[in-house]
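Have a look at the structure below, then the notes.
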Amino acid sequence: MNKLLKYSWSMVHMSAKAGLMLLGTVLFFMNSLASQASEQPYVNGEITMTIKKNRSVGAVLKEIEKISGFGFIYNPASVDESRSLPAMSFTKVKITEVLRKLGFEAEINGKFIIIKKVKIVKAAADHVLKGTVRDSLGSPIPGVAIRVLGSSRATVTDVQGKYSITVPDNGTLVFSMIGFKILEMPINSGSIMDVTLMEENSTLNEVVVVAYGSQKKISVTGALTTVKGEELAKSPTVNLAQGLVGRTSGLFAQQTTGAPGNEPITLRIRGSSTYALNSDPLVLVDGIERPFNSINAEEVDNITVLKDASTTAVYGIRGANGVILVTTRRGTVGQPKIGLNSNFALQTPTRLPEFSGSYDYAFLYNEGMKNDNPGLTPDQLYFKPIDLEKFKDGSDPLLHPNINWFDYMMHKTAPQTKNTLTINGGSTFAKYFVSLGYVDQSGLIKEFNKNYGYSNNTTYNRYNFRSNVDFNLTKSTVFKLSLGGYSDKYHTAGSPFSTIMRAGAGASPGVIGDKIIQSYINPVTVVSAGYDDRFINQFNITADLNQNLDMITKGLSFRAKLGYDSDYATTMGKNVTRPTYEILETVVDGKETFVYLPNTDQLVGGVTAQVFRNRSKRVYLEAAMQYDKTLGKHNITGLVLYNQNKQYWPFSGSYTFQIPEVPIGYLGVVGRVTYNYDYRYMLEGSIGRNGSENFPASKRYGTFPAISAGWNVTREPMVQKLLGDNSMLSMLKLRASYGETGNDKLIAADPITNAVQYYRFMYLPAVYDIMANRARFGEDIRGVDGVVEGQIGNPDITWEKAVKQNYGIEAAFFNDKLTLNADYFIDYRNNILSNRPVIAHVAASIQDAYNLARVKNQGYELQVGWSSQIGALKYSLNGNFTYAHNKLLENGRPETAQNQLGNSISQTYGLIALGFFNTQAEADAAPLQYSAKPTPGDVRYMDSNKDGKVDKDDFVPVGSPTYPQETYGAELDLSYKGFDFSVLFQGAGRVSRLVSGYMQKPGNQFGGILANVMEQRWTPENAANAKLPKLSATYANGTNYQNSTLWIRDASYLRLKNIEIGYKFGSNDLFKKLGVGSARFYVSGQNLLTWDKLKLVDPEQNASDSMGYPQLQIFNAGLSVQF
C-alpha cells in the first residue's frame, strides 16, 4: 500500500501540473467564447440573471436597471432596500415576473418600472430531508441523482438507496436515473420522503457507444455488442482482454501463455478475413488508438465491439478488422464516494504434459534403437541392463536420477495480488473519477539463484492511474480532462519450458548442493544465466471540449479532442555464468565415491547497459460539428469530423518497424447522417476518407462508404394495436447494412531473415544495403562486403478493401425479459496486401509488396438472454454463439497440394493416415511412401491422387483450421438479498492442433518422452491398439512424421471460465463508526475446469516444443469496501 500511495501521489502531482497548464489555455479560450456564445442578459423584455443568497433588494434593483436600461420609481418608505433575498436564478423571464418573485407588483411605463405594491415575503427556511429511493419491486436504487429544481443543490443515493439533502420549505425535488422515469415531488415540511421510481422502456431509452459518439440502442442499424465494466471485473486477471472472453458474440479469442505480465491474447472480430498478422482489430480507449490490456477493469465503464461496415466505415483504413471501443468511467454528481477493492489469488497451471519416468524412458529409447537396427544386442544399446535396473529401483539417484522436471522447477501455486482505490463524486460544476491500482503477479518458477543475488522467477508489477474530470464551464460548454497510464516492471530469467520438453527424467539429477549437474541437459541452466528487467511507463492525456451552439441553431454543437500519449520502455539485465559440473564415479582408498568435475568456470557479470527499447509518442487531434434535431416524430443527426494522428518512434513488442525514425501519420475526414421516423424507420449513411503514407500519391487516399437501414416492426400502429399491451412481443427490429472498409498495413515475415516487420512506404524504389561476406576472393578465400538489393518498391500498391454485408434481427419478448439478437454476415476482402516468397535462383532480394489475395469470410452469430425476478431472487441467463468460416479464393501463388484454394487461411494440409502396417507383406503390397518401402509399424497413408505413390502431392486438408471457427459462452447471474452468484462457461469449436516436436518424436536427440507413449506406440504385441507409430532413436526416416491425420488433434474445448460468489454487508453500527457505507466479500475462480479431447496440453496452447508458459487457473478472494 505504501508503494501505491507514493506512486499515486507522484502521478497526481504530475497530472495536476499538466492539467492546470492545459486547463489555463482552454479557460482563456472559453472565456472569450462564452462572452460571445452565452445568452444575452436582456432580450425582448425577458431577463436572465442569478441572485446570490443574502443579496440585498437594493443591489438587485440596481443590477436590473443596468441589465435592462429601465429606471425604477418607488416609495423608499415602502421598499426595504436592505432586505436579504434567497438564492434565485432566472432564464429568459419577464421583468415583471422577476419582480413578483421578489415580492413586488410593478408595471412598465415607457423607460421606467413603477413599483406599485409591496408584498410581505417570508424567507424560506431550509431543513434536511432524508429518504430512500426504491424501484417498483421495492429494491433500493443506488446512484439516483436528486436535485432541487431551479437551484444547484444536489446529491445522489448511496448503495442502500438512501439520501440526505438540505431543501427549502417549498419547491420541487427532482429524482433521475438512467433506465427510470424522471420523478418530480413537491417539497414538504417533513423530514422524510421515500419515493419509488418506475422503470422506463429499456429498449427505447438505452444508449450505446458508437463510433465518434453515442446513440439510442433502438435506433442503431449496425451490428455491435456492449460489455459492462462490472462484468469485466468479475475475472480475477490482470489482463483486461481476458475479461471479454465468452461475454459477447462475434469476438474470437486465443491465449497461448499465462506468463506474468506477458499474456498476449489474440482477438478476432468475426474471425479472420486476411492473413493472421494483419487481422487485429482497431482498439480505441476514450476515442484514441491505445492498447487496453493493461487497463484496470475497475477503470472501465463499458467496452463496445463494432462489427459491420455501418459501424466501422467511418474509421476507413483502420476499420476492416472491426473496432473495440473502451470507455472509461467518469464522475457523477454527489459527495465523494471512496471505494477500495483488494484481491488475493493463487495461480496454478490448467494442465502440464505428463512425461515418462526414467525407467520407462530408458526402456522405450532402447526399443527405438532396436527398431532402427534389429541386430543390436542388449550390451550394444545405450541403456545397459544395469542402467535399467538402477533406474527402476532408484538405488543411484546421482547417475540414474528420476526427475519430474515440472515438479522440480515449479511451485504448485504462485500468489497474485490486485488492489484498486477509486474516488468518485462532484458538483454541477465539476465531476471527477480517480482510480489508483497496484498489481503484483508472481511466477511459478522455483528459486535456484538467490546466492547469486537475483531471482530467477518471472514476476510482474504494475501501477495504474486514471483521473477523469469534467468541468461545466458554462451552461453550454463542457471541458473534460482525462489523464491515465501505468508503470510496470517485468522481471524474467528466461523460460525453461521448451528445455523441459527436451529433458528426459534421467537427464540430470538437477542441482546438488549449489552445483548444477550438466550430465546431458539440465533446464536449471536456462534460468541461471542472469536476468532481464523490462520497464514500461505509459502516460496519456486527453482534452475534450464540447460547445453547444443552440444560439446559432437548435441542435448544433461543436467538439474537439486532443490526445497525447507517451510510451517509454527500457530493459536492464545482468549476465551470470554459473559453473556446471559433471559427476564422475571413481574409487578412492578402495571406496566407491563421486567426484564433481567442473565443465564451465564461474563468471558473474555486472549490470548490462540500459537499453532504450521504445520512446514512442502519439499526438491525436479531432474536431467535429454535430447536429441533432427532433421535429415531431422525425429525428435527424449529422456529423462532420476531421482527425489526424501521428506516432513518433513507433514500437511493438511483436514486430519491428521499417524506418522507425520517420513518424507514422494518418489523416482523415468523416461524415455521417442518420434519420429515423418515430424510431420506426431508420436510415444511416456514413463515409470515411483517409490518407496513408504506404501508397503512392495517386493512390494515397481511400474512400469508404456505408449505408444501413432498420425497421422497428413493433412501433407500427397496426402491430401495436394487434399486440395490445406488448406483453408477449416487446420489440422486433429488422436491420441490414452494406459498406466498405480498408486496411493499409502489411505485417509479415521477411522472406530472407524470417523476422516479422511492419512494412512502410511500400511504393518507394529499391533500397540497397551493404552486407558482409557477399563474395569470396583470393587464395585464402576471404569473404568481402557487397551491395545487396533490399526491398523492391511497387508503384502500383494500393488499398486492401473489405466489402461487408450484415443482416440482423433484434427481438424482445414478455416485457423485455427475453431478448434475442441474430446476425448473418459476409465479408469479402480483396487486394489483400502480401509479399511473395524469395525464389533463390531468380532473385536474392526481398520481393516487393503486392495486392495478391482474395478471401471470403461469412458466418452468423446469436445472442440470447433471459432476465427476471421471483420475489427477492433476481436472475439472468445469457448465451452467445458465433460461427465464422473464411475461404482463401486467391493468394498469388500456384495452386498445389500444399496450397489449395477454397479452404480456410489457417487450414493445415497433410496426408490421410489409414493406420499402421502390421506385417511386412502388407508393407510390400503398398505403394512407395516418399520413395521408400515401408516396414511394420510405419504409418499407412492414402494415395489420394491415385498416382501409385505417396508423397507431398497427396496432401489434402486435414482437421479444422488452427484458429477456431466457433466460439460460444453462457452466463448465469443470481442475486438474493445480500448474496450474489455468477458463473460463465466459454468454449471454442472447429479448431485443430498439429502435434510436433518432441511430442511427435519421443526421445529424439534424447528429448522427452510423453507418458502416453508406453501404451499407444506400435509394437507387434500392441498392433491392434496402437495410436502412434513404432519408436525410433534416430528418426532418420521422417515418413511417419509428415503432416497427417495421425498428428492432427481436435482442440475444441469447453471451460468453466469464471465463477464468483459474494455477499454484501449492509450498513450497521460498526460500519457507521468506521465510516463504511457497505462492504462485499467474494471468492472467484478462472479457468477452473476444462473439457476437451486434446489432453496433451491446454487446448489453447501449441502441442509442440513451443508450448511456453502454461495457461493458469486462478483461485481468488476479494473484499470491496465503499466509504
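This table checks each residue for (1) polar (S, T, N, Q); (2) touching a Cys at 6+ places or on another chain (Cβ under 6 Å); (3) closer than 25 Å to Lys52 by Cβ.
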site: Thr157; (1), (2), (3): yes, no, no
site: Tyr163; (1), (2), (3): no, no, no
site: Val167; (1), (2), (3): no, no, yes
site: Phe180; (1), (2), (3): no, no, no
site: Asn188; (1), (2), (3): yes, no, no
site: Met193; (1), (2), (3): no, no, no
Hey, among Thr593, Thr630, Thr600, which residue is modelled with pLDDT under 90, out of contact with any helix residue (DSSP H, G or I) (no Cβ under 7 Å at 6 or more places or on another chain), in a strand (DSSP E or B) and not acidic (Asp, Glu)?
Thr593
Of the candidates Phe955, Phe981, the one satisfying the condition of being within 30 Å of Tyr1063 (Cβ to Cβ) and not aliphatic (A, V, I, L, M) is Phe981
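To keep it simple, each residue is scored yes or no on (1) farther than 30 Å from Tyr1109 by Cβ; (2) among the polar types (S, T, N, Q); (3) touching a strand residue (DSSP E or B) at 6+ places or on another chain (Cβ under 6 Å).
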position: Leu325; (1), (2), (3): yes, no, yes
position: Arg329; (1), (2), (3): yes, no, yes
position: Gly334; (1), (2), (3): yes, no, yes
position: Lys337; (1), (2), (3): yes, no, yes
position: Leu340; (1), (2), (3): yes, no, yes
position: Ala345; (1), (2), (3): no, no, yes
position: Gly357; (1), (2), (3): no, no, no
position: Tyr361; (1), (2), (3): no, no, no
position: Lys370; (1), (2), (3): yes, no, no
Please give the number of the condition Thr570 fails out of (1) surrounded by 15 or more Cβ atoms within 10 Å (Cβ to Cβ); (2) of a type in the set (Val, Ile, Thr); (3) out of contact with any strand residue (DSSP E or B) (no Cβ under 6 Å at 6 or more places or on another chain).
(3)
Lys66 - would you say it is of a type in the set (Lys, Arg) and either outside any helix (DSSP H, G or I) or at pLDDT below 80 (or both)?
no
Being among the charged types (D, E, K, R), surrounded by fewer than 24 Cβ atoms within 10 Å (Cβ to Cβ) and touching a residue at least 24 places away in the same chain (Cβ under 8 Å) narrows it down to one of Glu263, Glu230, so name that one.
Glu263
Those residues of the stretch 804-817 which are buried (at least 17 other Cβ atoms within 10 Å of the Cβ) and touching a Phe, Trp or Tyr at 6+ places or on another chain (Cβ under 9 Å), in sequence order
Lys804, Asn806, Tyr807, Gly808
Of the conditions (1) among the hydrophobic types (A, V, I, L, M, F, W, C); (2) touching a residue at least 40 places away in the same chain (Cβ under 8 Å); (3) assigned to a loop (DSSP other than H, G, I, E, B), Val167 satisfies every one except a single condition; which number is it?
(3)
Tell me, please, whether a residue that is within 26 Å of the chain's Cα centre (by Cα) and in a loop (DSSP other than H, G, I, E, B) can be found in the stretch 999-1021.
no
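Let's see how each residue does on (1) of a type in the set (Ser, Thr, Tyr); (2) over 28 Å from Tyr850 (Cβ atoms); (3) at pLDDT 90 or above:
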| residue | (1), (2), (3) |
| --- | --- |
| Tyr275 | yes, no, no |
| Asn278 | no, no, no |
| Asp286 | no, yes, yes |
| Glu299 | no, yes, yes |
| Val326 | no, yes, yes |
Against the conditions (1) more than 22 Å from Arg689 (Cβ to Cβ); (2) at pLDDT 90 or above, where does Ile792 fall short? Just the number, please.
(2)
In the stretch 1037-1076, what count of residues is obtained for those that are surrounded by fewer than 17 Cβ atoms within 10 Å (Cβ to Cβ) and either in a strand (DSSP E or B) or in contact with a Gly (Cβ under 6 Å, 6 or more places away or on another chain) (or both)?
4
When you scan the stretch 797-826, how many residues do you find that are in contact with a helix residue (DSSP H, G or I) (Cβ under 9 Å, 6 or more places away or on another chain), closer than 25 Å to Gly702 by Cα and either among the hydrophobic types (A, V, I, L, M, F, W, C) or free of Cβ contacts under 8 Å to residues at least 12 places away in the same chain (or both)?
4
The residue that is surrounded by the fewest Cβ atoms within 10 Å (Cβ to Cβ), considering only those in the stretch 940-959 that are charged (D, E, K, R) and assigned to a strand (DSSP E or B), is Lys949
Residue list for the stretch 908-933, restricted to those being touching a Ser or Thr at 6+ places or on another chain (Cβ under 9 Å), assigned to a loop (DSSP other than H, G, I, E, B) and modelled with pLDDT of 95 or more:
Ile912, Phe917
Of the residues Val662, Val640, which is surrounded by 13 or more Cβ atoms within 10 Å (Cβ to Cβ) and modelled with pLDDT of 95 or more?
Val640
Tabulated pairs, the stretch 588-599, first of a type in the set (S, T, N, Q), second not in a strand (DSSP E or B), C-beta under 9 angstrom, 6+ apart or interchain
Asn599/Gln518; Asn599/Pro579
Only one of Val619, Val673 is of a type outside the set (Lys, Arg) and closer than 27 Å to Ala736 by Cα; which?
Val673
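The values are calculated or read from the model by the stated rules, or taken from the named source; none is laboratory data. Quantities reported herein were computed from a predicted structural model and do not represent experimental measurements. Heads up, the Cβs are rebuilt from the backbone with ideal geometry, glycines too, and the neighbour counts pull from every protein chain shown.
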